[in-house]
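Below: the structure, in structure tokens.
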Amino acid sequence: MSANPVFEDFCTRVCACVRFRPDHPSIQRELMGHLEDRYDTILEREKGILLADAQARTVAAMGDPEALGRYLDQIHSPFWGWLQIWLRRAAWLLAAATVVLALLRLEPLRACLTAPVQHGYSMETRIENKGNYKILADWRPSPTLRAEDYTFSIERAILARYWQLVGPDGESGDVLNLALTLKAANINPWLRGPDLSWLYARDDLGNRYYAAEEIFTTSLPNYVRKTGSAATVTYPFSSYYDVFVSGIDPAAAEVTLIFDRYGENTVFLTIPLKGGAGHG
């Protein structure tokens with residue numbers, strides 16, 4: 001049916017009393033549907049009635065437009081109407097943000113699955129034989145450890161001998177150094193890699209290899225046996241660390257990485273230095 005000016009005027013007068021304007025189109029559609037249904041009924045029952053009279057009777061049957069508008073204004077409250085609109089918008093924004101964040105994680109995830117291990121400065125220095133390093137063994141230790149949310153493993157280990165300061169009076173000598181690429185894997189892509197700045201080591205002879213933070217905070221001399229660690233790269237499901245243990249006792253058969261910064265005495269991994277490591 002074509003637009004009826006009489007019915008449209010009635011709908012406009014009703015909506016003028018409804019403050020929540022976003023609901024005006026739906027109110028007009030509903031009112032127009034009622035008007036047209038009643039109008040068709042009148043025309044069907046009273047054959048020969050003038051169209052103008054049928055329209056007037058239809059509008060009159062709907063009642064006073066201002067009174068009807070005030071009633072609909074109570075139903076279509078601006079407060080609840082705007083609240084619903086903003087809640088829907090917030091839901092859409094949240095959904096869009098979730099999609100954007102998921103897309104941003106796709107590239108790191110792909111890199112995590114396909115990129116080669118990045119060993120870090122300490123490991124690369126020994127691999128490239130910088131500073132007169134003599135590699136005694138290059139292998140991948142098998143031990144792994146599950147601790148809290150992470151699974152720790154060693155991607156590569158290099159035992160090397162090099163020349164450095166070994167005493168308080170400036171004397172130098174051969175030093176054994178263990179370089180490791182440590183991997184911390186997790187199943188939660190939002191979980192950050194653990195902070196290993198207080199990681200230290202002990203060997204089977206009881207020697208302690210101090211953490212870099214211990215040396216820095218207690219002013220231990222530079223020539224002491226020490227352990228260092230630094231994150232090299234982080235992916236959604238794994239983080240890699242460049243770890244070294246310097247000044248290893250030649251008589252030691254194994255070295256254990258330990259983290260007890262918070263008194264938990266959590267032992268990470270024990271790395272054998274003899275046999276499979278080729279250290280003899």
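Mind putting a number on the dipole of the stretch 20-67 about its Cα centre? Charges go on the C-beta only, +1 for Lys and Arg and -1 for Asp and Glu, and I need it in Debye to the nearest 20. Please list the in-between numbers first.
Working: 6 positive and 10 negative charges, 13 e Å.
Around 60 debye, computed over the stretch 20-67.
For T232, what residues show an amide H to amide H distance below 5 Å, using hydrogens built from the backbone and excluding near sequence neighbours?
Correct list: Y240, Y241, D242.
What's the ranking of 5-16, 61-72 by average number of surrounding C-beta atoms within 10 Å, highest first?
Top to bottom by mean Cβ count within 10 Å: 5-16, 61-72.
For the stretch 53-59, take each phi angle, set θ = phi - 60°, evaluate the Karplus expression 6.51 cos²θ - 1.76 cosθ + 1.60, and give the result in whole Hz per residue in order, putting x for glycine and proline.
5, 5, 5, 5, 5, 5, 5
Let me spell out the model: positive unit charges on the Cβ of Lys and Arg, negative unit charges on the Cβ of Asp and Glu, origin at the Cα centre of the stretch 13-92. What dipole size does that give, in debye rounded to 20? List each step's numbers first, then the result.
Values: 11 positive and 11 negative charges, 82 e Å.
Using Cβ point charges on Lys, Arg, Asp and Glu, the stretch 13-92 gives about 400 debye.
Just order 195-207, 142-154 by mean Cβ neighbour count inside 10 Å, highest at the front, would you? Intermediate results must be reported in sequence, preceding the final value.
Values: 195-207: 17.9, 142-154: 14.7.
Order by mean packing, descending: 195-207, 142-154.
Could you give me the ³J(HN,Hα) list for the stretch 144-157, computed from phi with Karplus coefficients 6.51, -1.76, 1.60 and θ = phi - 60°, whole Hz, x at Gly and Pro?
So the J values, rounded to whole Hz, are 10, 9, 9, 9, 6, 9, 10, 10, 9, 8, 10, 6, 7, 9.
We did not get these values from a lab; they are worked out from the coordinates using the rules stated. What you see is a predicted model, and the numbers here were worked out from it, not measured in a lab. Neighbour counts are summed over all protein chains in view; Cβ atoms, including those assigned to glycine, are modelled from backbone coordinates with ideal geometry.
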